[in-house]
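For reference, the structure discussed in these notes is given below.
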Amino acid sequence: MSKKDALGAEDWIKAGFRALVAEGVTGLRAEALARSLGISKGSFYWHFQDVPAFKRAMLEHWHEAATLRVVDIIEQKGLSGAHALEYLVKASATPDAYGGAGAEGALREWARFDPVARDTLRRADVERIAFVAKCFVREGFERDAATACAEIFYAALIGLEQLASQSGMPIEPRLKRLLETLLQTPGSQKR
């Protein structure tokens, strides 16, 4: 079996995320990706009609892996709201995206200029905030307070990811501290 035959669509998507982090959206070219994988670009066109189709596949894969799958895993565990949020902190602090810790930031940069990326990111942001709010509601927060805490938590995550990419500042301890503070804020009916 040749290397070309062994590569699947997901291998190309992984290479795409590595290129996105390293070079930005301009790195998402069939020839450049093939070169990075050490093969001809024929395999690329076996899996994807063209580069726009490849980019859509990358975005859908990211949405599935970084949002839907994470929520599904947490829901299957049947965790309390606080434990679900703690799980999110851990998952967010140790991203397993193909491009590493910089993948989410690179995707946000891509979304600034591409309407398909922007729509995918917007959909994921809405779903993520709604899930985080649901976790706060499980902890006894009123709906409005839960939504406000979810937005603060999510905005902090995005900001901390950016800081980490620039300074290497660890995300997890800061997110844990923020979560502890948010869980103690007024709005919880448990207090």
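The table below gives the values:
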| item | result |
| --- | --- |
| Residue match in the stretch 110-122 (condition: part of a loop (DSSP other than H, G, I, E, B) and touching a residue at least 60 places away in the same chain (Cβ under 8 Å)) | yes |
| Of the criteria (1) touching a helix residue (DSSP H, G or I) at 6+ places or on another chain (Cβ under 8 Å); (2) at pLDDT below 95, which one Leu179 fails | (2) |
| Test for Asp125: is it modelled with pLDDT under 95 and either under 13 Å from the mean Cα position of the chain (by Cα) or not in a helix (DSSP H, G or I) (or both) | no |
| Meets criteria (touching a helix residue (DSSP H, G or I) at 6+ places or on another chain (Cβ under 8 Å) and within 27 Å of Ile129 (Cβ to Cβ)) for Leu107 | yes |
| Scan of the stretch 68-109 for residues that are among the aromatic types (Phe, Trp, Tyr) and part of a helix (DSSP H, G or I), ordered by number | Tyr87 |
| Residue count, the stretch 139-153 (criterion: within 15 Å of the chain's Cα centre (by Cα) and either more than 13 Å from Glu86 (Cα to Cα) or among the charged types (D, E, K, R) (or both)) | 0 |
| Matching residues, the stretch 40-50, being in a helix (DSSP H, G or I) and buried (at least 16 other Cβ atoms within 10 Å of the Cβ) | Ser43, Phe44, His47 |
| Single condition Trp110 does not satisfy, out of (1) surrounded by 14 or more Cβ atoms within 10 Å (Cβ to Cβ); (2) farther than 18 Å from Thr67 by Cβ | (2) |
| From the options Ala30, Ala19, residue that is under 25 Å from Ala101 (Cβ atoms), buried (at least 18 other Cβ atoms within 10 Å of the Cβ), at pLDDT 95 or above and of a type outside the set (S, T, N, Q) | Ala19 |
| The stretch 54-80 residues that are closer than 15 Å to Asp125 by Cβ, paired with ones that are assigned to a helix (DSSP H, G or I) and among the aromatic types (Phe, Trp, Tyr) (beta carbon under 8 Å, 6 or more apart) | Trp62/Phe17; Val71/Phe131 |
| Scan of the stretch 133-149 for residues that are within 17 Å of Glu75 (Cα to Cα) and either aromatic (Phe, Trp, Tyr) or assigned to a helix (DSSP H, G or I) (or both), ordered by number | Ala133, Lys134, Cys135, Phe136, Val137, Arg138 |
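The values are calculated or read from the model by the stated rules, or taken from the named source; none is laboratory data. The shown structure was predicted, so the numbers you read here are calculated from the model rather than taken from an experiment. All Cβ positions, even for glycine, are placed from backbone atoms using ideal geometry, and neighbour counts span all protein chains on display.
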